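The next block holds one structure in the form of structure tokens; read it before the comments.
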Amino acid sequence: MTFAARLTLFVLICSALLMAANNPVPFVNQPLVPASVAPGGNTFQLTVNGTGFVAGSTVNWNGSPRATTFVNQGQLTATILSTDIATASTASITVTSPAPGGGASSVVFLPVRSPSSFVSLNTLTIDFAYNVEIIGVGDFNKDGIQDMAVGLYDQTTQLPTLSILLGNDDGTFTQGAEYPVLADGFMNVVDLNNDGNLDLVFESENAAEYQAVAVMFGNGDGTFGSPVSTQFGPGPNPQFGDFNQDGKLDIAYASGSYCIALGNGDGTFQQPSCTTISGQNFETVVTADFNRDGKLDLALTSDYNPKYVLDIALGKGDGTFQISQTYSVAAPLYYMVASDFNGDGNQDIAAVVNDVGGPLAVFFGNGDGSFRSGPSVPTPYDPAYIQVADMNGDGFLDFIGSAYYFPNPTGWISLANGYGTFQNYSVFDGGNESGYPALGDFNHDGRIDLAIPNFELNTITILIQDNGTVLRFTPDNLMFPTQAVGTVSPPKLITVTNNGTSAVKFSGISTTANFSQLSNCKTIQPGGSCKIGVYFTPTVSGNLPGYLVLTDNDGGNPQFIALSGVATIVELAPTSLNFGNWHVGSFSKSQDVIVTNNGNGPLQISKIAIGGADPRDFYQVNACPAKLAAGSSCTITVLFHPTATGTRSALLGVEDNGGGSPQTVALSGTGT
């Protein structure tokens with residue numbers, strides 16, 4: 001072969017290699033199947049679902065490859081050895097794909113533990129000299145123990161610190177390296193350059209790098225290189241994925257528009273390309289493959305009042321998207337997670353409703369990019385952030401969350417019943433003004449623990465799972481009916497039973513504001529019980545949540561029992577009117593309802609109306625102003641005008657800002 005021919009062949013080969021498509025960065029969805037496994041079992045098959053898998057993709061158990069079978073671009077199976085699950089632990093599951101492109105997915109935890117019907121958490125606190133901004137969790141020094149990267153900020157000197165805490169495998173940490181870098185907004189832990197070491201990706205907002213995405217490459221020994229920055233600010237909830245399938249990790253975020261910043265593969269990102277939709281103000285985004293075509297999609301929420309929506313943008317695989325579905329929702333959605341909550345193999349969405357006391361809104365995916373409404377999951381007051389994990393080892397993903405501005409406690413868990421339904425939440429001591437809850441097995445016992453940053457307290461609350469409390473509470477939460485401000489409700493009783501084998505001694509029983517308690521609980525012998533009387537004693541109007549707090553020598557200490565009640569400054573007297581018997585078509589004698597403002601300020605009355613079963617049979621005439629002065633009263637006159645024979649009923653309703661609105665008066669009469 002001549003030199004010219006060899007040169008031509010070489011150019012053709014190089015061109016072919018350059019034109020060959022890169023493997024995408026693999027993306028792993030939750031849940032793994034199984035989502036947890038009991039220790040001491042046999043070799044089993046682990047199913048990993050996601051997007052961007054190729055024939056050479058490998059499932060890794062704590063960084064070590066396992067025999068993997070390629071099913072399709074969205075599913076792999078791997079053989080997990082009996083020696084891997086011989087003892088309780090938490091495995092880090094990743095998927096790696098070969099070059100060209102490829103790389104490593106983010107970590108998904110697989111608990112190796114025995115199942116339980118409950119979760120019990122003990123509290124540890126880590127104190128800092130400065131405000132705690134954000135937490136990232138991962139095994140930074142490759143010793144099999146979870147570590148933490150903590151963003152700190154000194155408000156006095158305005159100096160930042162990125163502090164590395166190395167785990168001791170017992171829930172405590174040893175101080176590691178520190179860097180004069182501010183990590184804020186978000187913290188993503190991923191092997192960005194595919195060298196087997198975890199890297200840190202975060203938002204940096206110091207003076208030199210205002211609104212920058214910073215990457216610090218890990219050295220594998222608990223230390224990190226200097227930050228590599230790209231000047232743009234994606235906000236607090238960006239999503240990472242290979243949106244153009246070129247083997248480089250990209251960023252998607254929402255900030256009015258929705259934006260994609262393509263990765264360069266070296267820790268930097270291109271300037272974002274943003275898409276604006278008229279009438280939409282996107283606030284948060286979550287990514288998954290919602291239509292199972294092998295391309296990552298986006299779910300976007302808009303808080304543009306009155307058009308609160310959930311938009312589904314299907315990915316084209318080139319870094320661009322097409323809005324395919326728009327769903328109207330009753331309130332703005334603040335923070336979202338994607339996972340399969342009902343076990344049908346399709347990715348679902350759960351979102352925090354941005355409202356005081358708002359529940360989680362669940363949307364079940366149909367597998368084609370469309371969704372249907374699921375259940376509303378109750379949450380404590382003012383939820384902020386949510387995560388998903390199998391907290392009790394029963395094979396179902398649970399919700400874990402924190403509240404933003406709310407007195408202690410702020411950590412909460414809603415356990416799954418399976419197939420898309422959830423139990424009522426349990427609350428735990430999570431500090432104050434809490435941020436994004438980070439998950440990890442900090443004492444290596446197979447149970448997922450929580451780390452919650454507390455901004456103003458300069459602390460991190462570590463919630464470590466234990467074997468569980470032996471105390472049982474009946475009921476485990478209390479809801480009080482509407483109560484006038486400044487009055488005391490009748491008591492509601494909680495029975496506390498000791499199901500253990502040793503005595504439980506109480507060192508403190510208390511309530512949060514607007515509630516009180518009386519009890520005879522001091523020491524409960526095995527099999528014994530005691531009672532606590534709880535009173536609703538509101539000092540302000542509105543929906544008032546609270547907690548009964550018990551401190552004792554049992555596990556999961558302290559224990560919290562959720563309390564709630566509605567308080568009002570509005571008094572309606574009487575609370576029911578019975579008009580007796582009247583001929584059909586006739587008018588009864590009038591009866592009056594007196595509305596009194598017992599508050600210290602004016603009462604805004606927005607509407608007085610009659611509703612209920614037979615609203616056409618009753619009439620009201622009122623002399624109530626739009627603004628009723630403090631201590632003043634007004635009169636509503638009601639008449640009965642039966643339109644048919646038999647018992648007729650309705651409700652007189654008063655809408656106002658006095659708490660417990662609408663206040664109602666039951667109306668009844670008989671047509672003859």
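Worth pointing out:
- Members of the stretch 124-147 that are farther than 13 Å from ALA451 by Cβ and of a type in the set (Gly, Ala, Ser): ALA129, GLY144
- Of all residues in the stretch 567-618, exactly one satisfies the criterion of being open to solvent by 40 Å² or more (accessible area, probe 1.4 Å), among the hydroxyl-bearing types (Ser, Thr, Tyr) and farther than 30 Å from GLY671 by Cα, namely SER606.
- Checking the stated criteria, ALA644 turns out not to satisfy the condition of being at pLDDT below 95, of a type outside the set (S, T, N, Q) and surrounded by fewer than 20 Cβ atoms within 10 Å (Cβ to Cβ).
- The set of residues in the stretch 656-672 that are at pLDDT 95 or above and either open to solvent by less than 30 Å² (accessible area, probe 1.4 Å) or of a type in the set (D, E, K, R) (or both) comprises VAL665, LEU667, GLY669, GLY671.
- Filter pass, SER502 being out of contact with any helix residue (DSSP H, G or I) (no Cβ under 9 Å at 6 or more places or on another chain), of a type in the set (Gly, Ala, Ser), surrounded by 13 or more Cβ atoms within 10 Å (Cβ to Cβ) and over 30 Å from GLN155 (Cβ atoms): no
- Of all residues in the stretch 519-566, those satisfying the criterion of being crowded, with 19+ Cβ neighbours inside 10 Å, in contact with an Asp or Glu (Cβ under 8 Å, 6 or more places away or on another chain) and in a loop (DSSP other than H, G, I, E, B) are GLY556, PRO558.
- Residue check for SER324: of a type outside the set (Asp, Glu), open to solvent by 20 Å² or more (accessible area, probe 1.4 Å) and either at pLDDT below 90 or on the phi > 0 side of the Ramachandran plot (or both): yes
- Only listed residue being more than 18 Å from GLY233 (Cα to Cα), open to solvent by less than 30 Å² (accessible area, probe 1.4 Å) and under 27 Å from the mean Cα position of the chain (by Cα), chosen from ASP169, ASP154, ASP191, ASP139: ASP191
- TYR535 passes every criterion in (1) at pLDDT 95 or above; (2) over 27 Å from VAL665 (Cβ atoms) apart from (2).
- Within the stretch 231-284, tally of residues that are in a strand (DSSP E or B), crowded, with 21+ Cβ neighbours inside 10 Å and polar (S, T, N, Q): 2
- Counting the residues of the stretch 432-488 that are at pLDDT 85 or above, of a type in the set (Ser, Thr, Tyr) and part of a strand (DSSP E or B) gives 4.
- Residue in the stretch 89-108 that is at pLDDT below 95, of a type in the set (A, V, I, L, M), more than 17 Å from VAL190 (Cα to Cα) and surrounded by fewer than 19 Cβ atoms within 10 Å (Cβ to Cβ) present: yes
The values are calculated or read from the model by the stated rules, or taken from the named source; none is laboratory data. This structure is a prediction, so every number in the text was calculated from the model and none was measured. Cβ sites come from the backbone with ideal geometry, for glycine too, and all protein chains shown count toward neighbours. Accessible surface areas use protein heavy atoms only, side chains included; no ligands, DNA or RNA. Shrake-Rupley method; radii C 1.70, N 1.55, O 1.52, S 1.80 Å.
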